[in-house]
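Enquirer: Structure in structure tokens, see below.
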Amino acid sequence: MKKLIAIICAIMIGSVLFAAEDSKSKNTNETDSKISMYAKAEVGYYTGGAVIKTDFGGALPSKTGQIFTITGFEITPTFGLTLPVVIQKEFGTLKMGAEAQIPIVIGKSSTGLTSGSAFVINPGLMVIENYYFPETLPKGLQKLSGKVGFGFSVPISIVNGSYQTSITDTNSSDYGKTVEKDYSATGVGFKLNFLLGTQYDFTDHISANIDWNLGMFGVWSSSIRAGVTWKF
């Protein structure tokens, strides 16, 4: 797992450096740009899952990997950088960026036999490519941009719940009775993430955005987010 993360990091960093060098050497219409910062706050709905080892509080003889379905409300604070990789062509302008995201999910979990609550924190990094319409189009349309992203994250999932079981101890006075037992478990995973989104710039500093995010590797996940971006 550590080797895979290192390889992905190297690919992401390499792609940024290659794009910067390629845009400088091949594109005569490049617009010089400095690194700029922005912050983004989004809310949305998450659906996905996690593989977590648990014995359900002693219901199983040993801890085994269980697939938990997780859904819930998602809050995503993001800090980003617009990199000095800007390419202008007749078809529009491309700007590259990098983001550190910390999505937080508060919701519920289930395995088909049990149900309960869930809390997920999913820190990750992502490389973003932004597309802006050419200056020949109306100014209102120039404020609208599209973006795609690729990155990875390390979700930490905490699930709590309860289930009903029968007392099997023949020496107990409650033998045969149905009781409720609680369980709690934590799992750490790894995801490859893809993003598609759009953004509208109301001013030079304030923008509104909508993103769709897809997480792969292990149990799939997806979320729809909407929020506001503040450019420093």
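Enquirer: Mind listing the phi-derived Karplus ³J(HN,Hα) values for region 103-111, rounded to whole Hz, using 6.51, -1.76 and 1.60 with θ = phi - 60°, and x for any glycine or proline?
Expert: x, 10, 10, 10, x, 10, 9, 7, 10
Enquirer: Considering only the other residues whose Cβ falls under 14 Å of the Cβ of PRO155, what net charge follows from Lys and Arg at +1 and Asp and Glu at -1?
Expert: Surrounding charge for PRO155 is 0.
Enquirer: Using label points projected 7 Å from each Cα along Cα→Cβ, tell me how many nm separate PHE202 and ILE224, to one decimal.
Expert: Between PHE202 and ILE224, the simple spin-label model gives 2.2 nm.
Enquirer: What distance in nm separates the two pseudo spin-label positions at LEU125 and LYS139, each 7 Å out from Cα along the beta-carbon direction?
Expert: Result: 3.9 nm between the two label points.
Enquirer: Please express the shape of region 92-138 as an equivalent ellipsoid: the semi-axes are the square roots of 5 times the eigenvalues of the C-alpha gyration tensor, given largest first in whole angstrom.
Expert: The three semi-axes for region 92-138 are 40, 14, 8 Å.
Enquirer: Just to confirm a number: summing +1 for Lys and Arg and -1 for Asp and Glu over residues other than ILE224 whose beta-carbon lies under 13 angstrom from that of ILE224, what do you get?
Expert: -2
Enquirer: Given a cut-off of under 8 Å on Cα pairs at least six residues apart, what relative contact order in percent is computed for region 191-232?
Expert: Details: 78 pairs, mean separation 16.3, N = 42.
Value for region 191-232: 39 percent.
Enquirer: Let me ask something else about it. What full-extension length gain, to one decimal in nm, is calculated for SER62 and GLU90 as 0.36 nm per residue of separation minus the Cα-Cα distance?
Expert: Extra length from SER62 to GLU90 when fully extended: 3.8 nm.
Enquirer: Mind ranking 151-157, 109-115, 123-129 by how tightly packed they are, going by the mean number of other C-beta atoms within 10 angstrom, highest first?
Expert: Most protected by this proxy first, the peptides run 151-157, 123-129, 109-115.
Enquirer: Rounded to the nearest 0.05, what FRET efficiency do LEU214 and LYS181 have when you use their Cβ-Cβ distance and R0 = 41 Å?
Expert: Details: r = 36 Å, r/R0 = 0.87.
In this case the efficiency is close to 0.70.
Enquirer: Ranked from highest to lowest mean number of other Cβ atoms within 10 Å per residue, what is the order of the peptides 200-206, 69-75? If you can, show how the numbers build up before the last one.
Expert: Numbers: 200-206: 11.4, 69-75: 18.0.
Ranking the peptides 200-206, 69-75 by packing returns 69-75, 200-206.
Coordinate-derived values only; no laboratory data. This is a predicted model, so every value here is computed, not measured. Note: ideal-geometry Cβ built from the backbone for every residue, glycine included; neighbour counts use all protein chains shown.
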